[in-house]
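Visitor: Quick one: this structure, given as structure tokens, is what I'll be asking you about.
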Amino acid sequence: MGLFIAQLLTGLANAGALFMVASGLSLIFGVTRIVNFAHGSFYMLGAFIGYSLLQVLPGMVGFWVAMLLAAIAVGVIGVIVELLVLRPIYRAPELFQLVATFGVILVIQDLALMIWGAEDMLGPRAPGLKGIVRIMGEPVPTYDIALIVITPFVALALWYLITKTRVGILVRAATQDREMVSALGVNQSWLFTGVFFLGAALAGLGGAIQLPKGGADLLMDFNILASIFVVVVIGGMGSLPGAYLAAVLISVLNVFGVTYIPQSTLVLMFVVMAVVLMIKPYGLFGREEVAGEHGQVGEVERPFKPAGLNARLIVAAFLLVLALVPLYGSAFSMVLITDIVIFCLFAASLHFLLGIGGLVSFGHAAFFGGGAYVAALIVTYSDTPMEFALMLAPIGAAMAAVIIGWLCIRLTGVYFAMLTMAFAQLLWSLVYQWGEFTGGDDGLLNIWPSDWLNDTTVYYFLTLIIGVGGILLLRHAAHSPFGYGLRAARDSARQAEAMGIHTKRVQWVAFTFAGAMAGVAGGLFVFSKGSIFPSELEIARSFDALIVVFLGGVKTLSGGVVGGAVLETIKDFLTRFEYWRMTLGLLIIGVVILAPDGIVGSLRKASERLGITKRPEGEV
Amino acid sequence: MTEILRVEHLCKHFGAIKAVNDVSFTLNKAELLAMIGPNGAGKSTCFNMMMGQLKPTSGSVYLRGENITRMAPRVIWRKGVGRTFQITATYQSMTVVENVQVALMSHNHKIFSIRPYAHKLYRDQALGFLETVGMQDQADRHAAVLAYGDLKRLELAIALCHEPDLLLMDEPTAGMAPKERIALMQLTADIVKDRGISVLFTEHDMDVVFGHAHRIMVLNRGELIAEGTASEIRNNAYVQQVYLGGGQLYKKSEEGHVNA
């Protein structure tokens, strides 16, 4: 009993930081509709800045002043990010801003590395709260008790601010209808900035107060990201009591999980989330999201036609150049192009889902890594020939997509995105923690192609044929009646249903198709590398594809492929340098600000402005 | 006269509010039936229940004698019912003719085909429907740049695609200029005559209603208060009261509730 209570208290204490970070994310999303990927980075900065402040501020008063100052400092950083990075792109297509926040993650990662170094920092214990209390014989740190007491006060203060003050009323009004609020004479941009300050400060506070428990390290940003998304979604977007309840639920479950079922701690959180969303699709306290109720931001997609003769000739010539690379290129360039083609296919499959279908998936890596693992596991355990394993990769990925799609498709918008991410994380944690079967963190090694393919040049051709074939198949599908049905479901589900189209089924099939194509890419990937690790399933991999699709141009047909090729090439070049993340991050932010229509979209506009191509009448 | 649509005791209650209360009527072949009433009378709610977008609290809808209550909109559509929306719903990323082509693809069960090129599929047929509504010269324009009245006409073309027996039009002329309204309704009346389609429509413009409807129903506060020909409705004292003042939209006893 004593142990039980002690663990309950630990869970409650852990919920403190989680709640603060998650409520910040929820606030920012509610008002600005920006999914702030950089929120984990704000949390990390809070920890590092808090750590530095504690070096100069001694004593009990100093400790708490340092906590507050860390929060304010991170809040100011949030404001800087909002002013410099996000404000120029509020008119961009919905969710485009998340690409910019991804750039911010990269920049902050390298900045933290420069300033604080690569070593993990152990947080100092809080003065005056260093001891332990014995509860029924079990030791509980005094600091935990303090956190349990403090968190509800922070929650209450926040609740008061949101529900009882004028600022709070504006924030809530903006959550429901931004345009109306600005029509009533409220300066929307400063409201956004203010909310960013508050949200970031909360994340910073969360990072700082967990210092005595967890310290500060450079992996904190991504490590907490999944948890806070889970908390926000379980609680219901924009609901403070929901976020608190969910934070407690997740933290307590985690503590008990570590004790009783240590091999499933990572899975647990996502299982809970999946179960909650299946029973209450909009979270415990969430309100239904009606697709499009916040208005379409940015311009509408243009109609498209199959490429004309000229474009086809250019593509054919380009493919010929690629096919002849073995004649004049080095082995290294072939390996690089193999990587790029595989990544382009992966990106193109997500683009089909996202661009044509309007289904924003945050967990597409599940099918890329899933396909790769299917092939790798089959080769490892059953001595299956590589050719057969390569075929099983998309089939395995498609089967996963059928199940995950069936569970996710009922939701729309950001809830759909979150649920796909949860399932991807579920797969990742399964692979990661089921070590005896999947190799866990050590991955699966020695997954080489058959002898006749085990040559860089031959494998290069195989990748080129399958990869380009896959991309063309996706493109064909976009021009098919199925592609039109998918666009119809995206443009107006109401009209599509009223003309006999089963929109959810169309989207489900599209989800499966895109999953299968990602599986093809995954299969090619594993045999080109000879090994596979859980990192191919993680959030960062899903984000890679997402970033590329937006960067290439989500409202163009070739955005995914072009974005994939450009980013993968740049990445290959940049990773040779020490601070490549910062460079890449700044580059991404730069592209986002200068080319809000993506690379392809902005090139198209530029060529129309210069009169190289004709602008259709009525378009802007 | 053949009966196409029969509605029996249709009700929709939202908590204590009776948005639609015990509405019954029939619609015959090739008839143009108007449903009128002040804002909040329950017209759109009625429409949404007939087309399956909304589940009724009680009551039934019969299409050619078959009970279609609670069926999904897409199932009802396949049984030969077309509809246009009060707020237009078109595919903004496509051209005008492609909007119609998608409806034809759906009608011919081609939506799950992945054989390109869809933009050639049923194009001539789609152009024919556009010609019916006078939109053929705008066929290749981007639907997103159309004027509102043209969007309404495009919706009509889409709704005609699967040769429906019944057309439900929710405020077909809302947001259009007076001249356009008459023209669109004249067009609809001609189509009804040519093809023997039955039409049920709601409308606020009394010129349109009295000029074209064969029969008129008046809805007020969720209940059917009158039904008859144009002249019968015009001379109905209660309808006059509801429309021209003197009558309150809500009964005194309900005011407190409504204001709360």
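The values are calculated or read from the model by the stated rules, or taken from the named source; none is laboratory data. Computed from a predicted structure; not experimentally measured. When we count neighbours, we look across all protein chains shown, and the Cβ atoms used for this are built from the backbone with ideal geometry, even at glycine.
Visitor: May I ask you to list the residues in the stretch B:153-174 that are of a type in the set (D, E, K, R), out of contact with any Gly (no Cβ under 8 Å at 6 or more places or on another chain) and more than 10 Å from chain A (Cβ to nearest Cβ)?
Guide: B:D170, B:E171 - these are the residues of the stretch B:153-174 that are of a type in the set (D, E, K, R), out of contact with any Gly (no Cβ under 8 Å at 6 or more places or on another chain) and more than 10 Å from chain A (Cβ to nearest Cβ).
Visitor: Can I ask one more? What's the number of the only condition in (1) at the interface with chain A (Cβ under 7 Å from one of its Cβ atoms); (2) surrounded by fewer than 21 Cβ atoms within 10 Å (Cβ to Cβ); (3) in contact with a Lys or Arg (Cβ under 9 Å, 6 or more places away or on another chain) that B:A139 fails to meet?
Guide: Answer for B:A139: the failing condition is (1).
Visitor: Continuing with this model, one more query. Return the residues of the stretch A:28-71 that are polar (S, T, N, Q) and touching a Leu at 6+ places or on another chain (Cβ under 8 Å); say none if nothing qualifies.
Guide: Residues satisfying the conditions are A:T32, A:N36.
Visitor: Within the stretch A:85-105, take every residue that is under 15 Å from A:F29 (Cα atoms) and over 19 Å from the mean Cα position of the chain (by Cα) and give me the one that is surrounded by the fewest Cβ atoms within 10 Å (Cβ to Cβ).
Guide: In this case the residue turns out to be A:R87.
Visitor: Looking at the stretch B:148-243, what strands (runs of 3 or more DSSP E) fall wholly within it and have at least 3 residues that are in contact with a Lys or Arg (Cβ under 9 Å, 6 or more places away or on another chain) and not hydrophobic (A, V, I, L, M, F, W, C)?
Guide: B:223-228
Visitor: Considering B:L32, B:L10, B:L27, B:L54, which residue is in the same structural domain as B:M217 (by TED's automatic domain parsing), closer than 29 Å to B:Q138 by Cα and either out of contact with any Gly (no Cβ under 7 Å at 6 or more places or on another chain) or in contact (Cβ under 8 Å) with a residue 24 or more places away in the chain (or both)?
Guide: Just one listed residue meets the conditions, B:L32.
Visitor: Is there any pair linking a residue in the stretch B:121-138 that is over 9 Å from B:L104 (Cα atoms) to one that is of a type in the set (D, E, K, R), with Cβ under 8 Å and at least six apart or on different chains, and which?
Guide: Close Cβ pairs satisfying both conditions: B:V133/B:R153; B:G134/B:R153; B:M135/B:D150; B:M135/B:R153; B:Q138/B:D150.
Visitor: Another question, then. Being under 25 Å from the mean Cα position of the chain (by Cα) and buried (at least 21 other Cβ atoms within 10 Å of the Cβ) narrows it down to one of A:M499, A:M517, so name that one.
Guide: Step by step, each of A:M499, A:M517 is checked, and only A:M517 is under 25 Å from the mean Cα position of the chain (by Cα) and buried (at least 21 other Cβ atoms within 10 Å of the Cβ).
Visitor: I need a count of the residues in the stretch B:120-136 that are more than 17 Å from A:P303 (Cβ to Cβ) and either at the interface with chain A (Cβ under 9 Å from one of its Cβ atoms) or in contact with a Pro (Cβ under 7 Å, 6 or more places away or on another chain) (or both).
Guide: Of the residues in that region, 0 qualify.
Visitor: Here is a further query. Please go through (1) surrounded by fewer than 19 Cβ atoms within 10 Å (Cβ to Cβ); (2) within 23 Å of A:W406 (Cβ to Cβ) for A:G357 and return the number of the only condition it doesn't satisfy.
Guide: So the condition that A:G357 fails would be (1).
Visitor: Assuming B:Y238 fulfils every condition listed in (1) more than 24 Å from B:K18 (Cα to Cα); (2) at pLDDT below 90; (3) surrounded by fewer than 18 Cβ atoms within 10 Å (Cβ to Cβ) apart from one, which condition is it?
Guide: Going through (1) more than 24 Å from B:K18 (Cα to Cα); (2) at pLDDT below 90; (3) surrounded by fewer than 18 Cβ atoms within 10 Å (Cβ to Cβ) one by one, B:Y238 breaks only (1).
Visitor: Taking A:V321 as the residue in question, decide whether it is outside the structural domain of A:L453 (by TED's automatic domain parsing) and either of a type in the set (V, I, T) or over 30 Å from B:A118 (Cα atoms) (or both).
Guide: yes
Visitor: Let me confirm something: among A:L284, A:L277, which residue is within 34 Å of the chain's Cα centre (by Cα), modelled with pLDDT under 85, surrounded by 14 or more Cβ atoms within 10 Å (Cβ to Cβ) and away from chain B (no Cβ under 14 Å)?
Guide: When all the criteria are applied, what remains is A:L277.
Visitor: Take the residues in the stretch A:553-583 that are assigned to a loop (DSSP other than H, G, I, E, B) and of a type in the set (D, E, K, R), then tell me which one is farthest from A:L353 (Cα to Cα).
Guide: Among them, the one singled out is A:E578.
Visitor: Then there is this: Scan (1) closer than 17 Å to B:I36 by Cα; (2) at pLDDT below 90 for the single condition B:V192 breaks and write down its number.
Guide: Only one criterion is unmet by B:V192, namely (1).
Every residue, every condition in (1) more than 9 Å from chain A (Cβ to nearest Cβ); (2) β-branched (V, I, T), yes or no:
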{"position": "B:M50", "(1), (2)": "yes, no"}
{"position": "B:Q53", "(1), (2)": "no, no"}
{"position": "B:T57", "(1), (2)": "yes, yes"}
{"position": "B:L63", "(1), (2)": "yes, no"}
{"position": "B:N67", "(1), (2)": "yes, no"}
{"position": "B:P73", "(1), (2)": "no, no"}
{"position": "B:A89", "(1), (2)": "no, no"}
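Visitor: For A:I108, all conditions in the list (1) surrounded by 17 or more Cβ atoms within 10 Å (Cβ to Cβ); (2) over 28 Å from A:Y244 (Cα atoms); (3) at pLDDT 90 or above hold save one; what is the number of the exception?
Guide: Condition (2) is where A:I108 drops out.
Visitor: From A:K529, A:K555, A:K614, A:K605, which residue is surrounded by 18 or more Cβ atoms within 10 Å (Cβ to Cβ), out of contact with any Gly (no Cβ under 7 Å at 6 or more places or on another chain) and among the basic types (K, R)?
Guide: So the residue among A:K529, A:K555, A:K614, A:K605 that is surrounded by 18 or more Cβ atoms within 10 Å (Cβ to Cβ), out of contact with any Gly (no Cβ under 7 Å at 6 or more places or on another chain) and among the basic types (K, R) is A:K529.
Visitor: Condition check: surrounded by 24 or more Cβ atoms within 10 Å (Cβ to Cβ) and either of a type outside the set (S, T, N, Q) or in contact with a Phe, Trp or Tyr (Cβ under 7 Å, 6 or more places away or on another chain) (or both). Does A:A73 satisfy that?
Guide: No; evaluated as a whole, the condition is false for this residue.
Visitor: Return the only residue of A:G128, A:G78 being in contact with a Gly (Cβ under 9 Å, 6 or more places away or on another chain) and assigned to a loop (DSSP other than H, G, I, E, B).
Guide: A:G128
Visitor: Return yes when B:R83 is in contact with a strand residue (DSSP E or B) (Cβ under 6 Å, 6 or more places away or on another chain), within 11 Å of chain A (Cβ to nearest Cβ) and within 18 Å of A:H502 (Cβ to Cβ) and no when it is not.
Guide: yes
Visitor: Within the stretch B:93-119, how many residues turn out to be hydrophobic (A, V, I, L, M, F, W, C) and within 7 Å of chain A (Cβ to nearest Cβ)?
Guide: 8
Visitor: From the list A:V341, A:V315, A:V321, pick out the single residue that is surrounded by fewer than 24 Cβ atoms within 10 Å (Cβ to Cβ) and under 34 Å from the mean Cα position of the chain (by Cα).
Guide: A:V315
Visitor: Then there is this: Given (1) surrounded by fewer than 24 Cβ atoms within 10 Å (Cβ to Cβ); (2) closer than 20 Å to A:V549 by Cα, where does A:F388 come up short, assuming only one miss?
Guide: (2)
Visitor: A follow-up question, please. On the basis of being hydroxyl-bearing (S, T, Y), over 16 Å from A:G523 (Cα atoms), touching a helix residue (DSSP H, G or I) at 6+ places or on another chain (Cβ under 7 Å) and at pLDDT below 90, does A:S429 make the cut?
Guide: Yes: the conditions hold for A:S429.
Visitor: Residue check: is A:E82 of a type outside the set (A, V, I, L, M) and surrounded by 15 or more Cβ atoms within 10 Å (Cβ to Cβ)?
Guide: It is true that A:E82 is of a type outside the set (A, V, I, L, M) and surrounded by 15 or more Cβ atoms within 10 Å (Cβ to Cβ).
Yes or no, residue by residue, for (1) within 14 Å of another protein chain (Cβ to nearest Cβ); (2) touching a helix residue (DSSP H, G or I) at 6+ places or on another chain (Cβ under 8 Å):
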site	(1), (2)
A:F533	no, yes
A:L537	no, yes
A:I547	no, yes
A:G552	no, yes
A:A565	no, yes
A:L584	no, yes
A:K605	no, no
A:L610	no, no
A:R615	yes, yes
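Visitor: Kindly indicate whether any position in the stretch A:44-52 is modelled with pLDDT under 90, surrounded by 22 or more Cβ atoms within 10 Å (Cβ to Cβ) and more than 21 Å from A:I547 (Cα to Cα).
Guide: no
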